[in-house]
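Heads up: the structure comes next, in structure tokens.
The values are calculated or read from the model by the stated rules, or taken from the named source; none is laboratory data. No experiment lies behind these values; they were computed from the predicted model shown. Reconstructed Cβ throughout: ideal geometry from the backbone, glycine too, with neighbour counts over all protein chains shown. Heavy atoms of the whole protein, side chains included, go into the accessibility calculation; ligands, DNA and RNA do not. Shrake-Rupley method; radii C 1.70, N 1.55, O 1.52, S 1.80 Å.
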Amino acid sequence: MKLATLNDGTRDGKLVVVSRDITRYCAADNIAPTLQAALDNWTECAPKLEALYRDVEHQAVPCERFHEREAHSPLPRAYQWADGSAYINHVELVRKARGAEVPDSFYHDPLMYQGGSDDFLPPRADIPLGDVKWGCDMEGEVAVIVDDVPMGTSAANAADHIKLVMLVNDVSLRGLIPGELAKGFGFFQSKPSTAFSPVCVTPDELGDAWKDTVIHLPLMVNYNGEPFGRAQVGEDATFTLAELVAHAAKTRNLGAGAIIGSGTISNKGADGGPGKPVSEGGLGYSCIAEIRMIETIASGEAKTRFMAPGDTVKIWMEDEGGHSIFGAIRQEVVAA
């Protein structure tokens, strides 16, 4: 099924069930007023939401037109937002650009940081930027929403706790990251509000594209209206989403509604080296930092600038028939 949260002016929005083609919706407030409320009681609410979804598909209930611009992120705020780094190719490029090796532990012990979860951006909201020198970047990712995950849950069992899947624009301020990491405490100011896709879906909605808790479809990223990334999500993933969930739950319980991200989707080139831009027949990139890394490796200097007011980004995913699965994140950078 497909769920969304309408931005109705309240803090947590209104839960709705959305048709498979993302054109119609029916309010689900008789089942749960918000998505968080549904996740808190998922065992009871999920079957009722599934039944409503079938009714929406069969046009057996009154529906209204679904406009993606009226949607908030599925969870406008969350108890937990933890972002991993499933695609070590991305980390390898970062390290190579500055002449550093990737520690062997990175290949079996995932990187993860705790993001700000108290204020997510709607998928069509502007990205406020206080200073161009902060180095604003998009990061196209996939994320999952879980139910209650007990501490110490294995990766095999974590798969059953993944209830919903969505897309992410994990906005990063690259100019602030080095100074924060140098303090030894990780990201904070360099990770402003994140945006998620207008719609989240249950894993079964992805059909055969959902294998071993990895989506086997391309993530589409356009930058200023031009193709920028077409990375294959199912390729070059060092860790599955279930493994990232298990990593997050190693020493703590995860509460229902916790969001776990994949990190930037990143592919190697056809020859095993750095990937090429879409304009050169490659799969492109899911963030600007990656093409800057490749430029630095190739010529000693990054040429592509980071985002500035007026720049736009679109992130979406299509099924094999070319139909949008999650709706699209469409954002413009504006001066704060």
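Give region 61-115 a look and list any residue that's hydrophobic (A, V, I, L, M, F, W, C), in a loop (DSSP other than H, G, I, E, B) and over 23 Å from residue 261 (Cα atoms), or say none.
Correct list: 61, 63, 66, 100.
How many residues does region 234-255 contain that are assigned to a loop (DSSP other than H, G, I, E, B) and either open to solvent by less than 30 Å² (accessible area, probe 1.4 Å) or in contact with a helix residue (DSSP H, G or I) (Cβ under 6 Å, 6 or more places away or on another chain) (or both)?
Here the count works out to 5.
Quick one: is residue 194 over 29 Å from residue 41 (Cα atoms), crowded, with 24+ Cβ neighbours inside 10 Å and β-branched (Val, Ile, Thr)?
So residue 194 does not fit the description; no.
Residues to consider are 206, 167, 173; find the one that is buried (at least 17 other Cβ atoms within 10 Å of the Cβ) and over 23 Å from residue 20 (Cα atoms).
Details: 206 fails: over 23 Å from residue 20 (Cα atoms); 167 fails: over 23 Å from residue 20 (Cα atoms).
Checking each option against the conditions leaves just 173.
Just wondering, is there one or more residues in region 256-272 that are assigned to a loop (DSSP other than H, G, I, E, B), open to solvent by 60 Å² or more (accessible area, probe 1.4 Å) and over 28 Å from residue 148 (Cβ atoms)?
Yes, because at least one residue in region 256-272 is assigned to a loop (DSSP other than H, G, I, E, B), open to solvent by 60 Å² or more (accessible area, probe 1.4 Å) and over 28 Å from residue 148 (Cβ atoms).
Report whether or not residue 163 is within 21 Å of residue 117 (Cα to Cα), within 18 Å of the chain's Cα centre (by Cα) and assigned to a loop (DSSP other than H, G, I, E, B).
When the stated conditions are applied, residue 163 does not pass them.
Looking at 61, 56, which is the one that is surrounded by 18 or more Cβ atoms within 10 Å (Cβ to Cβ) and either more than 17 Å from residue 164 (Cβ to Cβ) or at pLDDT 95 or above (or both)?
Matching residue, one of 61, 56: 56.
In contact with an Asp or Glu (Cβ under 8 Å, 6 or more places away or on another chain), more than 27 Å from residue 44 (Cβ to Cβ) and at pLDDT 95 or above, is that true of residue 170?
Yes: the conditions hold for residue 170.
For region 294-336, how many residues meet the condition of being among the hydroxyl-bearing types (Ser, Thr, Tyr) and in a loop (DSSP other than H, G, I, E, B)? Outline the logic, then answer.
Keep residues of region 294-336 that are among the hydroxyl-bearing types (Ser, Thr, Tyr), which gives 296, 299, 304, 312, 324.
Now drop any that are not in a loop (DSSP other than H, G, I, E, B), which leaves 304.
Final tally of qualifying residues: 1.
List, please: which pairs have Cβ atoms under 7 Å, are six or more places apart or on different chains, and start with a residue in region 173-189 that is in contact (Cβ under 8 Å) with a residue 60 or more places away in the chain and end with one that is open to solvent by less than 60 Å² (accessible area, probe 1.4 Å) and part of a loop (DSSP other than H, G, I, E, B)?
What qualifies is 174/135; 174/306; 175/135.
Can you name every residue in region 1-33 that is open to solvent by less than 20 Å² (accessible area, probe 1.4 Å), in a loop (DSSP other than H, G, I, E, B) and of a type in the set (Val, Ile, Thr)?
Correct list: 22 only.
Return yes or no: is residue 45 among the hydrophobic types (A, V, I, L, M, F, W, C) and outside any helix (DSSP H, G or I)?
It is false that residue 45 is among the hydrophobic types (A, V, I, L, M, F, W, C) and outside any helix (DSSP H, G or I).
So which residues in region 35-53 are open to solvent by less than 20 Å² (accessible area, probe 1.4 Å) and hydroxyl-bearing (Ser, Thr, Tyr), if there are any at all?
Of everything in region 35-53, just one residue is open to solvent by less than 20 Å² (accessible area, probe 1.4 Å) and hydroxyl-bearing (Ser, Thr, Tyr), namely 53.
Do you know which of the residues in region 115-160 that are of a type in the set (Val, Ile, Thr) and farther than 30 Å from residue 177 by Cα is nearest to the chain's Cα centre (by Cα)?
This residue is 149.
Which ones in region 101-145 are free of Cβ contacts under 8 Å to residues at least 60 places away in the same chain and in contact with an Asp or Glu (Cβ under 7 Å, 6 or more places away or on another chain)?
Result: 102, single match.
If I ask for residues that are free of Cβ contacts under 8 Å to residues at least 60 places away in the same chain and of a type in the set (A, V, I, L, M, F, W, C), which ones from region 281-319 would you list?
If the condition is that a residue be free of Cβ contacts under 8 Å to residues at least 60 places away in the same chain and of a type in the set (A, V, I, L, M, F, W, C), then 291, 298, 302 are the ones that fit.
Only one of (1) surrounded by 24 or more Cβ atoms within 10 Å (Cβ to Cβ); (2) closer than 14 Å to residue 218 by Cα is not met by residue 282, so which one is it?
(1)
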